[in-house]
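Engineer: Quick one: the structure is below, and I'll ask about it shortly.
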Amino acid sequence: MPTVLDTLLVSIRSAADSNHDDAVAPAVVLWTDDRREFGRLLPRLRLALPQLLTLGPHDPSTRTGPAIWLRCVLAGKVGEVSLPADAVPIIYLAGVNRSTLRATDECPPELSPLAELQYRGVFWSQNNGKDWTVSAFLQAEKGGLNLRIARDSATLEAIHRAFDKLVDEPIADLLEKSKLRPLDSHDFDKLIVDDPVDDLLTWLSDPQGSRQRWELGRWEALCSRGKTEYGFDPLKHGELESAERLGRHAKPAWKAAWNRFTKAPGRYPGLVALLKRAKPKSGDLLEKCAVESWPQDNEAEEAKLRQALNDLTKLPVPAARKRVLELDQEHGMRRDWVWAKLGKTPLAHALDAMNTLATETAIPLTGATIDDVIQSYTTAGWAVDAAVLDALAAVSSQDDRAAVSRAIGHIYNPWLRDLAEQFQERFKTKPLPGREVTRLQEAHPGTVILFADGLRFDVGQKLKALLEAKGLTVQLRHHTVALPSVTPTSKPAISPVVRQLAGLTAGEEFRPSVAANQKDLTIERFRKLLDESGFQVLTDTETGEPEGRAWAEYGDLDQTGHREGLLLARRIRELLAGLVERIESLLAAGWQEVRVVTDHGWLLVPGGLPKADLPKYLVETRWGRCAVVKPHATVDYPSFPWFWAEDVRVACPYGIDCFVAGKEYSHGGLSVQECVVPQLTIRRGAKAGRSAKITRVRWGGLRCRVTVQGEFAGCLVDLRDKPADPSSSLSGAKPVGKDGTVALFVADDSREGTATNLVLLDVSGTVLEKMPLNVGE
């Protein structure tokens, strides 16, 4: 289960994606920590975040240095420090306040080299712009853990005492406890009660530092227990021999200590290097060692697997599939080793997904008609694309990415090519539907349409699983997109204003026109049409008025794919996490239904899409996977009419080819991955609101003010003569606000003093609570 530290890491990493309108990624994430509250986690953070730099005395081994040195590292001028290419650098600024950095004129000289970065980077900060503190992160509803915590000084002190252990606590456990009552000092102090096994591991992880921090009695207790329980004397045998005994599981007590280490290895960062030094060199002791105990054995297995993946391309594809299954049998067990929790088994994890790839591509997808092909893909074939993303997401180093990409491409690319060619062949007999088909059903009041650019079908399935894990009810269906499968064409076709648009010429952008005045459909005109059609147009953070209808947009998956190619796979998880959070915020604001729509899918091809030649003199405009053919030109490629004007002819390359060289990511052509997309309808689960209770009712004339507590998101309150009969309402049902309050007004003053019922309803309209009362009293 995700821990506090896991969520902290996700939050820090995602800071670089906070501005979804930016076309260029921020140069750096600035983490100001005026109180130095997070500094104790730096050893662990550095292991998890290879892009983390620290302001402080020069120490390249910990990627720490003064401001001018940090600027040199960012510029790639410091050879002794190498930052990962696929991650935005993070600079931790201990003892620095955000306002100090913002006051460029008064910025201290030792910080001034970093001041300019605030304009090219982003701050990791709270929604209100303040620096994160430990207490704020634990309590914040947005961006934090949303825990209920007592606000007394004793609790705050206990949090800081227990922080090292608190970060390893599962969030689900903390949330469950805080639902019953606010967490207080006793809850946090329980985390640091006397724990001899933890003391042993802490000492092994940092022998000198532990003794300096501990009181004398604590060290003496460890020495005493070492002799009686573990058969060793820390003073006599030292940490190296102790680590050897730990790795050998020399007796049951050492085995128990090893099991503790495997549950939370990140708590003991120094133990990894110590175990590497402690492995016996030869003899009987080595023969008795468990191979999973020693980091270098795992590293050797990863290197062996890396070479095996590189060698896959020498085999015929059927033999390569078989070899992947053999490798998974050989290396799959390492996914359960302790090193997996420390991110040291990326290739073994990639094999898990590659097993699916090898198994599912052994039998090609077929279909007598294009509908059959689509049915095969949406039933099972999408799992192949999902497996490719999972395998690529598992690896981060350049050597690992190269090996996995090469192996995947050898197996996946032929399957992908054959499926695309089959789709194009069936398209000749039965083209995809055009404007005669309704892709977006009518949105009723209480519905917000949330547009997510480039949500491919397999990614939609991942989104569905994440939402259902949150207890939400999700319906997923699929439909074909407007052609060509590019945003300017396909996005308007999935909008509520599709009938108000038309096409003249595709131009260079494949953009339709407003039918009423034949002007290009710019963003401003698109939003105006939505507004005139009764849809609120929401910004990234707005939630609008849930009684109406709305259009919202979220995410930059498509931009990320164009910008980063195969590295998109590593970003899918965080991009979907942000989308889930947005959906939850809309439902929490009172919307009854969130409908997620998208414009197109895409191809992601390891090794790049093959180049297809199409002379420029034959086309009006040419994109990666589509081109507008000149009126009298002849091209030897599949072609189809533009969705918005049938006299405009669009050509696409065969199979998975591309008109532009060097592309790993592209769309606009004819393939099931590009042309068949998901549409998700999300509502709160049936149990939502079950804990909600009416806690206060106040009348002011004919206006009734109601306060609700518990899980009231999506709930409604109404005044009814018959509790289960909506037609007997005196006021009309109103959603409970974010603060748990709602006001109802009885328009008929003749009802003052008469009996009725105050009812609390869940999202499905089921009565959760009824309260008899008299109007106005």
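The values are calculated or read from the model by the stated rules, or taken from the named source; none is laboratory data. Being a predicted model, the structure only gives us computed values, none of them experimental. All Cβ positions, glycine included, derive from the backbone under ideal geometry; neighbour counts span all protein chains shown. Accessible surface is based on the protein model in full, side chains and every heavy atom, while ligands, DNA and RNA are left aside. Shrake-Rupley method; radii C 1.70, N 1.55, O 1.52, S 1.80 Å.
Engineer: If the Cβ limit is 6 Å and pairs must be 6+ apart or interchain, which residue in segment 330-359 that is outside any helix (DSSP H, G or I) pairs with which residue that is open to solvent by less than 40 Å² (accessible area, probe 1.4 Å) and of a type in the set (Lys, Arg)?
Structural biologist: Filtered contacts from segment 330-359: Thr345/Arg334.
Engineer: A further question on this structure: Filter segment 723-773 down to residues that are in contact (Cβ under 8 Å) with a residue 24 or more places away in the chain and of a type in the set (Ser, Thr, Tyr) and give me whichever is most open to solvent (accessible area, probe 1.4 Å).
Structural biologist: Within segment 723-773, the match that is most open to solvent (accessible area, probe 1.4 Å) is Ser764.
Engineer: Would you please list the contacts, defined by Cβ atoms under 6 Å and residues six or more apart or on different chains, that run from a residue in segment 289-314 that is within 16 Å of Arg334 (Cα to Cα) to a residue that is surrounded by 13 or more Cβ atoms within 10 Å (Cβ to Cβ) and acidic (Asp, Glu)?
Structural biologist: Val291/Asp297
Engineer: Run Leu716 past the list (1) crowded, with 20+ Cβ neighbours inside 10 Å; (2) within 30 Å of Leu365 (Cα to Cα) and report the number of the one that doesn't hold.
Structural biologist: (2)
Engineer: A further question on this structure: Tally time: how many residues in segment 204-219 are open to solvent by less than 40 Å² (accessible area, probe 1.4 Å) and in a loop (DSSP other than H, G, I, E, B)?
Structural biologist: Qualifying residue count, segment 204-219: 1.
Engineer: Give me the pairs, please: first residue somewhere in segment 454-465 and over 15 Å from Ala380 (Cβ atoms), second residue anywhere and open to solvent by 10 Å² or more (accessible area, probe 1.4 Å) and among the β-branched types (Val, Ile, Thr), beta-carbon distance under 6 Å, and either six or more positions apart or on two chains.
Structural biologist: Every condition considered, the pairs that remain are Lys464/Val474.
Engineer: So, of the residues in segment 472-494 that are among the polar types (S, T, N, Q), farther than 11 Å from Asp453 by Cα and open to solvent by 10 Å² or more (accessible area, probe 1.4 Å), which turns out to be farthest from the chain's Cα centre (by Cα)?
Structural biologist: It comes out as Thr480.
Engineer: Same structure, new question: I'd like the full set of residues that are within 29 Å of Phe535 (Cα to Cα), of a type in the set (S, T, N, Q), open to solvent by less than 80 Å² (accessible area, probe 1.4 Å) and not in a strand (DSSP E or B), limited to segment 424-454.
Structural biologist: Thr438
Engineer: Among what's in segment 265-281 and is part of a loop (DSSP other than H, G, I, E, B) and closer than 11 Å to Leu201 by Cα, pick the residue that is most open to solvent (accessible area, probe 1.4 Å).
Structural biologist: Pro269
Engineer: Among the numbered conditions (1) open to solvent by 10 Å² or more (accessible area, probe 1.4 Å); (2) more than 29 Å from Val448 (Cβ to Cβ); (3) touching a Ser or Thr at 6+ places or on another chain (Cβ under 9 Å), tell me where Gly669 comes up short.
Structural biologist: Of the numbered conditions (1) open to solvent by 10 Å² or more (accessible area, probe 1.4 Å); (2) more than 29 Å from Val448 (Cβ to Cβ); (3) touching a Ser or Thr at 6+ places or on another chain (Cβ under 9 Å), the odd one out for Gly669 is (1).
Engineer: I would also like to ask the following. Going by what's in this entry, would Leu312 be described as under 30 Å from Lys276 (Cα atoms) and assigned to a helix (DSSP H, G or I)?
Structural biologist: The answer is no for Leu312.
Engineer: Can you name the number of the only condition in (1) over 30 Å from Pro265 (Cβ atoms); (2) of a type in the set (Val, Ile, Thr); (3) open to solvent by less than 20 Å² (accessible area, probe 1.4 Å) that Thr345 fails?
Structural biologist: Thr345 satisfies every listed condition except (1).
Engineer: Now, a different point. Mind checking which pairs have a first residue in segment 701-715 that is within 18 Å of Val763 (Cα to Cα) and a second that is outside any loop (DSSP other than H, G, I, E, B) and among the basic types (Lys, Arg), Cβ under 6 Å, 6 or more apart or different chains?
Structural biologist: Pairs found: Thr707/Arg696; Gln709/Lys693; Gly710/Lys693; Gly714/Arg684.
Engineer: Moving to a separate point now. For segment 517-631, please list each of the helices (runs of 4 or more DSSP H) lying entirely inside it that holds at least 3 residues being open to solvent by 10 Å² or more (accessible area, probe 1.4 Å) and of a type in the set (Gly, Ala, Ser).
Structural biologist: 568-588
Engineer: Still on this structure, please answer the following. Filter segment 375-393 for residues that are open to solvent by 10 Å² or more (accessible area, probe 1.4 Å) and under 12 Å from Asn355 (Cβ atoms); which is nearest to the chain's Cα centre (by Cα)?
Structural biologist: This residue is Asp390.
Engineer: Continuing with this model, one more query. Going by what's in this entry, would Leu204 be described as at pLDDT 90 or above, within 30 Å of Gly238 (Cβ to Cβ) and in contact with a Lys or Arg (Cβ under 8 Å, 6 or more places away or on another chain)?
Structural biologist: no
Engineer: Let me ask something else. Among what's in segment 133-159 and is open to solvent by less than 40 Å² (accessible area, probe 1.4 Å) and among the polar types (S, T, N, Q), pick the residue that is nearest to Val96 (Cα to Cα).
Structural biologist: Thr133
Engineer: Which of the residues that make up segment 495-516 are polar (S, T, N, Q), open to solvent by less than 20 Å² (accessible area, probe 1.4 Å) and not in a loop (DSSP other than H, G, I, E, B)?
Structural biologist: Ser513
Engineer: Scan segment 66-99 residue by residue and report those that are free of Cβ contacts under 8 Å to residues at least 12 places away in the same chain and of a type outside the set (Lys, Arg).
Structural biologist: Once the filter is applied, which keeps residues that are free of Cβ contacts under 8 Å to residues at least 12 places away in the same chain and of a type outside the set (Lys, Arg), segment 66-99 yields Trp69, Cys72, Ala75, Gly76, Gly79, Ser82, Ser99.
Engineer: Going through Leu240, Leu222, Leu201 one at a time, which residue ends up being within 23 Å of Trp254 (Cβ to Cβ) and open to solvent by 60 Å² or more (accessible area, probe 1.4 Å)?
Structural biologist: Among Leu240, Leu222, Leu201, only Leu240 is within 23 Å of Trp254 (Cβ to Cβ) and open to solvent by 60 Å² or more (accessible area, probe 1.4 Å).
Engineer: Which residues, taken from segment 321-342, are more than 22 Å from Arg570 (Cα to Cα), of a type outside the set (D, E, K, R) and surrounded by fewer than 20 Cβ atoms within 10 Å (Cβ to Cβ)?
Structural biologist: Of everything in segment 321-342, those that are more than 22 Å from Arg570 (Cα to Cα), of a type outside the set (D, E, K, R) and surrounded by fewer than 20 Cβ atoms within 10 Å (Cβ to Cβ) turn out to be Leu325, Gln329, Met333.
Engineer: Another question about this same structure. Those residues that are touching a residue at least 24 places away in the same chain (Cβ under 8 Å) and either open to solvent by 70 Å² or more (accessible area, probe 1.4 Å) or in contact with a Lys or Arg (Cβ under 9 Å, 6 or more places away or on another chain) (or both), I need them from segment 632-645; list them, please.
Structural biologist: Of everything in segment 632-645, those that are touching a residue at least 24 places away in the same chain (Cβ under 8 Å) and either open to solvent by 70 Å² or more (accessible area, probe 1.4 Å) or in contact with a Lys or Arg (Cβ under 9 Å, 6 or more places away or on another chain) (or both) turn out to be Pro638, Phe640, Pro641, Trp642, Phe643, Trp644.
Engineer: A follow-up question, please. Before we move on, is Glu468 open to solvent by 20 Å² or more (accessible area, probe 1.4 Å), in contact with a strand residue (DSSP E or B) (Cβ under 8 Å, 6 or more places away or on another chain) and of a type outside the set (A, V, I, L, M)?
Structural biologist: For Glu468, the condition - open to solvent by 20 Å² or more (accessible area, probe 1.4 Å), in contact with a strand residue (DSSP E or B) (Cβ under 8 Å, 6 or more places away or on another chain) and of a type outside the set (A, V, I, L, M) - is met.
Yes/no per residue for (1) modelled with pLDDT of 95 or more; (2) over 32 Å from the mean Cα position of the chain (by Cα):
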| position | (1), (2) |
| --- | --- |
| Pro265 | no, no |
| Asp284 | no, yes |
| Glu287 | no, yes |
| Leu305 | yes, no |
| Val317 | yes, yes |
| Pro346 | yes, no |
